[in-house]
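The structure appears right after this line, and notes come after that.
Every read-out reported here was derived from the displayed coordinates using simple, explicitly stated rules and does not represent laboratory data. Note that the structure is a prediction, hence the values are computed from the model and not measured. Here the Cβ positions follow ideal geometry from the backbone for every residue, glycine too, while neighbour counts run over all protein chains shown.
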Amino acid sequence: MLHAAEALAPDTFDIVYVSLGALCWVPSIGRWADQVATLLRPGGRLYLHDVHPVAWALADDDVRIEHTCFEEPEPFVDDGDVTYTDGDGRLVNTRVYEWNHSIGEIVTALLDHGLRIDGLTEHDWTVRPQFPWLVETADHRWKAPEGGPRVPLTFTLLASRPT
């Protein structure tokens with residue numbers, strides 16, 4: 001299997017950007033961090049904004065933990081014919097394999113591959129109605145209702161490859 005760093009070699013980049021919903025498709029956060037570190041030029045930066053591992057572990061119907069908060073060797077397997085994208089059709093191929101990765105696992109993997117952590121922020125909001133109990137705010141974010149527990153729903157991490 002050809003990995004991103006091999007396919008793009010010898011190029012390296014100023015910025016690697018990873019957006020919401022990307023890391024759950026990665027079975028090994030260590031292998032992912034290796035690819036990120038290899039793709040960054042010295043002085044390059046990683047910008048990561050993704051679903052918080054706690055939010056990934058929450059039950060759909062309530063603020064309670066239902067799934068693991070850590071990377072496991074075996075994926076979470078789900079069958080469902082609906083998509084989280086804007087599409088309104090039903091899926092034909094319904095089996096989904098996902099992995100959760102804790103904040104500590106993500107940070108440690110990046111450090112282990114020579115990156116420096118420049119910032120880490122956990123957010124009590126997300127950009128879509130991931131759970132039926134979330135309410136939309138005036139700035140078009142989705143949060144827990146007032147008076148309810150605030151839980152981390154997304155996070156941003158900035159890292160850099162030292163020069």
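Using Cα springs under 10 Å in a Gaussian network model of the chain, which residue among Val63, Val92, Val26 shows the largest mean-square fluctuation?
Val92
Ordered by residue, what ³J(HN,Hα) values in Hz, to whole numbers, does segment 136-143 give under the Karplus form 6.51 cos²θ - 1.76 cosθ + 1.60, where θ = phi - 60° and Gly and Pro are x?
After applying 6.51 cos²θ - 1.76 cosθ + 1.60, I find 7, 9, 4, 8, 6, 9, 10, 9 Hz.
What are the extents of the Cα atoms of the chain along their three principal axes, in Å, largest first?
46, 37, 28
Can you give the FRET efficiency to the nearest 0.05 for Asp139 and Ala22, using r as the Cβ-Cβ distance and R₀ = 30 Å?
Details: r = 23 Å, r/R0 = 0.77.
Approximately 0.85, to the nearest 0.05.
Angle check, please: helix 103-112 long axis (alpha carbons) against the longest principal axis of the chain (alpha carbons), in degrees 0 to 90, nearest 10.
10
Just to confirm the number: angle between the C-alpha axis of helix 29-39 and the first principal axis of the chain, 0 to 90 degrees, nearest 10?
The two axes meet at around 50 degrees.
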